[in-house]
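Structure, as structure tokens:
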Amino acid sequence: MPIRWLRAHPRQADLILATALTIVAVVLHIAQVDTSEDYTEPAWWTVPLVVASVFPIAWRRTNPILSTAIVVTAQVVAEFADIDGSGFIGVLVTLYSLGAHSVGPRRSRLLVATIASIGVLFIAGLLVDELDIGSFVSSVVVLVTAFVLGDNLRRRREAADALQERLQRAERERELVAQRRVADERTRIARELHDVVAHSVSVMVIQAAAARRSLATAPDNAEIALANVESTGRQTMEELRSMLGILLRTSHEAVDDPDGSTGPALSPQPRLVDVTELVTAADDLPVSLTMSGDFKDVGSSVDLTGYRIIQESLTNIRRHAGPVSVVEIQVERHNDGVRIRVVDDGRGAAADAGGPGYGLVGMHERVDAIGGQLAAGWRVGGGWSVTADLPLSARPGADRTADHETIR
């Protein structure tokens, strides 16, 4: 459509407007349509003056200061010489463009010169009775309004551009922070895996040594020890496979620590059975804990992940839920896995709407790493719930990022 084309090609649109107005002004000047005034007859020098009072609006965006200076000068000279043409249409357009497309001291100086020249013209018109007081006031109001409208448009456009730039910068910063958080979380997972693997290897070394010592005197005991070595080794290999993919991706995304620090010292890893102590320590929350089933044969990484999910959920409740009357934690052992559910009755949808929390990012990373599933979101009727379904042991090659159901 023509309107869309004009919006997409503003310079061509200005050229078309300038050409059209110039043709109309020249025709009016040559035809002398207004016979009520004693205008100067068309001559070789009057037509260029009429053209100069309109056509420079073709540059109103690219060079608004020069355009305004030429149009105002030509129009003032034409008025003093009683040349009929475009009137003040060119001055109106260029004053609007001066406000909309220019800033700085050059614009201020040109504006002062324009006010002075047009003011002298209007005062002269009043003195010789060619301009009445009503026309004087209305003309001044129209010219000032044109400039003010253009200046307001420029200010709004600059404010919108600045806001857009801030939004883009904030988005880039959020992405960088999110990447750093994910990298840090994966690094922490790697450190925790170090303890799991170190423990398994230590067990295997001890059992292998016992088997070697018992091989000659008690072969049955040696066979049991070697079976335990095999079982521990297989479990450790599964855990390594489950983490290998995510840790390799982390190596491409992690941000190097500028101070070269290696982080806090490693400590013994908590387990699901330690949740009771965690709940007991959370004396600032009305926590109700229910645990059912035997967790002795749960894999080390699964044990640790379950504990961290409950720990992070309690942290999120403290930060986001506001006043709560009950926090329910359910840990159930099934035949094929462990289900963890943490529910609160906090502010729910009225809670902090600041966007996804990095704690949830960490929980998803942990659950993905062992082949589980995590769902977190608003509860019907208010509050927040976190549900995690974990396997009994880490599954190799698990990556279920697409299955995330995170809302917060």
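Which residues, counting only those in segment 103-118, are within 12 Å of V76 (Cβ to Cβ) and loosely packed, with under 14 Cβ neighbours inside 10 Å? The one that is within 12 Å of V76 (Cβ to Cβ) and loosely packed, with under 14 Cβ neighbours inside 10 Å: A116.
Hey, can you tell me all the residues within segment 126-150 that are without any contact (Cβ under 8 Å) to a residue 24 or more places away in the chain and assigned to a helix (DSSP H, G or I)? Show your work before the answer.
Narrowing segment 126-150 to residues without any contact (Cβ under 8 Å) to a residue 24 or more places away in the chain: 126-138, 140-141, 144-145.
Within segment 126-150, L126, L127, I133, G134, S135, F136, V137, S138, V140, V141, V144, T145 meet the criteria.
When segment 53-76 is limited to residues that are out of contact with any Ser or Thr (no Cβ under 8 Å at 6 or more places or on another chain) and more than 16 Å from A113 (Cβ to Cβ), the one that is surrounded by the fewest Cβ atoms within 10 Å (Cβ to Cβ) turns out to be T62.
Go through segment 87-139 and count every residue that is more than 18 Å from R61 (Cβ to Cβ) and small (G, A, S). Residues flagged as more than 18 Å from R61 (Cβ to Cβ) and small (G, A, S) within segment 87-139 amount to 12.
Within segment 1-25, residues that are within 16 Å of R60 (Cβ to Cβ) reach partners that are modelled with pLDDT under 85 and not small (G, A, S) with beta carbons closer than 7 Å, at six or more positions or on different chains, in the pairs A13/L6.
Yes or no, residue by residue, for (1) closer than 24 Å to L49 by Cα; (2) surrounded by fewer than 17 Cβ atoms within 10 Å (Cβ to Cβ); (3) not polar (S, T, N, Q):
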position: A78; (1), (2), (3): yes, no, yes
position: H101; (1), (2), (3): no, no, yes
position: V120; (1), (2), (3): yes, yes, yes
position: D132; (1), (2), (3): no, yes, yes
position: V137; (1), (2), (3): no, yes, yes
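Can you find a residue in segment 190-201 that is farther than 30 Å from Q75 by Cα, surrounded by 11 or more Cβ atoms within 10 Å (Cβ to Cβ), out of contact with any Leu (no Cβ under 8 Å at 6 or more places or on another chain) and at pLDDT 75 or above? No, segment 190-201 has no match at all. Listed conditions (1) modelled with pLDDT of 85 or more; (2) at positive phi; (3) not basic (K, R) are all met by Q32, apart from (1).
Does segment 291-339 hold any residues that are among the basic types (K, R) and in a loop (DSSP other than H, G, I, E, B), and which are they? Before the answer, list the steps.
If we filter segment 291-339 for residues that are among the basic types (K, R), which is where we start, we get 296, 308, 318-319, 333, 339.
The one that is among the basic types (K, R) and in a loop (DSSP other than H, G, I, E, B): K296.
Return a yes/no flag: does segment 111-131 have any residue that is in contact with a Gly (Cβ under 9 Å, 6 or more places away or on another chain) and not hydrophobic (A, V, I, L, M, F, W, C). Within segment 111-131, none of the residues are in contact with a Gly (Cβ under 9 Å, 6 or more places away or on another chain) and not hydrophobic (A, V, I, L, M, F, W, C). For segment 25-114, the helices (runs of 4 or more DSSP H) that sit wholly inside it and include 3 or more residues that are of a type outside the set (A, V, I, L, M) are 64-80, 89-101.
The values are calculated or read from the model by the stated rules, or taken from the named source; none is laboratory data. Only a predicted model underlies this, so the values are computations on that prediction, with no experimental measurement involved. Backbone-built Cβ (ideal geometry, glycine too); neighbour counts: all protein chains shown.
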